[in-house]
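Have a look at the structure below, then the notes.
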Amino acid sequence: MDLYFLRHGEAEPLYSDDSVLTSTGIASIKNIALAMKALDIKLDQILCSDFQRAKETAAIIREVLQTDLEIGSCMPLTPPGDSDDLIQILKDTHKLSVLMVGHEPLISRTISRLVSGNEQSLITIKKGSLVKVFIAEYTRHIRGSLEWILPPNVIMKIIRTNA
């Protein structure tokens, strides 16, 4: 399974459930979607936090990728979030390519757990970054390998190269 983790774009300074993306955040997420297109990323499922800025992020990705996938609400991605519950959802899904849109520190903790077995690794995901983790097999403890982290500046280079 290819797991893509996306931290929502820049949002209003007042962080609450209803914070919305700024114009910079919207532009950044559109760029991520264009980079996903350039990288020929095909998704089977989109899951996101219930917070507005994550829903907007997922909707932009869906629109730019021109997919008819439903955006599934995922409570474990909603702060405060729970990596155990999120990993259980991953174990239960039978999709090959899943995008999860959420928040820090849950995204970093979950990625750390998947690739190292604990949440204490020094992985930090910037806003508007896209991460790929490959899960080869499911055992009692789901394990994956970190394939790449694309921060916003690298995403811009991908877009420029494919323009």
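Where a number appears in this text, it was derived from the coordinates with a stated rule and is not lab data. All figures in this text were calculated on a predicted structure; none of them were measured in a lab. Cβ: placed from backbone, ideal geometry, glycine included. Neighbour counts: every protein chain shown.
Residue 72 sits among other residues whose Cβ lies under 15 Å from its own Cβ, and their net charge, with Lys and Arg +1 and Asp and Glu -1, is -3.
Helices of the chain meeting both criteria, an alpha-carbon length of 18 angstrom or more along the long axis and an average Kyte-Doolittle score not below 0.5, with helices taken as full DSSP H segments, are 23-38. The calculated pair-distance distribution of the chain uses every alpha carbon pair, bins of 5 angstrom beginning at 0, and gives 2, 10, 19, 24, 22, 15, 7, 2, 0 percent.
Please report, to one decimal in angstroms, the Kirkwood hydrodynamic radius of the range 8-84 built from all distinct Cα-Cα pairs. Intermediate values should be presented prior to the final figure.
Details: mean 1/r = 0.0776 Å⁻¹.
Taking every pair of different Cα atoms in the range 8-84, averaging 1/r and inverting gives 12.9 Å.
Cβ crowding within 10 Å, taken as a proxy for footprinting-reagent exposure, orders 48, 74 from fewest neighbours to most as 74, 48.
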